[in-house]
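To keep things clear, I will list the structure first and then write my remarks on it.
A short reminder: the numbers here are calculations on the coordinates, not readings from a lab. Source: prediction; values computed, not measured. Every residue, glycine as well, gets a Cβ built from its backbone with ideal geometry; the counts of neighbours run over all protein chains shown.
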Amino acid sequence: ATGAREQVPAPKGDQRQYYVDIRDAIQNRRSPKITAKDAIAVMAILETSFRSGGEGRVLPLPLTQEEIAEWKDAPGYS
């Protein structure tokens, strides 16, 4: 928002666990821990951050106001 550049290291993760959970949810007839809606929102945020960095400018997130509100209410949001 200020135009200042800051390099932020990506948190360590293991995206394979998402697919393991999807498999387990299907096999055990339960809902996955991460919903498809949340996964799509995460991808939109990541893709926008890459484009923003590549273009050297802040781009708006392609999320609805409802989706943004849900993320702001999530634990760990800052």
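Using a Förster distance of 22 angstrom, determine the FRET efficiency expected from the C-beta separation of Gln17 and Leu46, and round it to 0.05. Present the calculation step by step, with values, prior to reporting the outcome.
Values: r = 17 Å, r/R0 = 0.76.
That pair, Gln17 with Leu46, gives E of 0.85.
To the nearest 20 Debye, how big is the dipole of the chain about its Cα centre, given +1 on the beta carbon of each Lys and Arg and -1 on that of each Asp and Glu? Show your work: numbers first, answer last.
Working: 11 positive and 11 negative charges, 50 e Å.
The calculation lands at about 240 debye.
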Practice prompt. State the answer as a single residue: which of Tyr19, Gln65, Thr48 lies farthest towards the positive end of the charge dipole of the chain, with beta carbon charges of +1 for Lys and Arg and -1 for Asp and Glu, about the Cα centre.
Written response: Tyr19
Worksheet item: Normalised by the number of residues in the chain, what is the relative contact order in percent for Cα pairs under 8 Å and 6+ residues apart?
Response: 22 percent
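Using the Cα atoms of the chain to build a convex hull, what is its mean projected area in square nanometres? Intermediate values should be presented prior to the final figure.
Details: hull surface 26.0 nm².
Reported value for the Cα convex hull: 6.5 nm².
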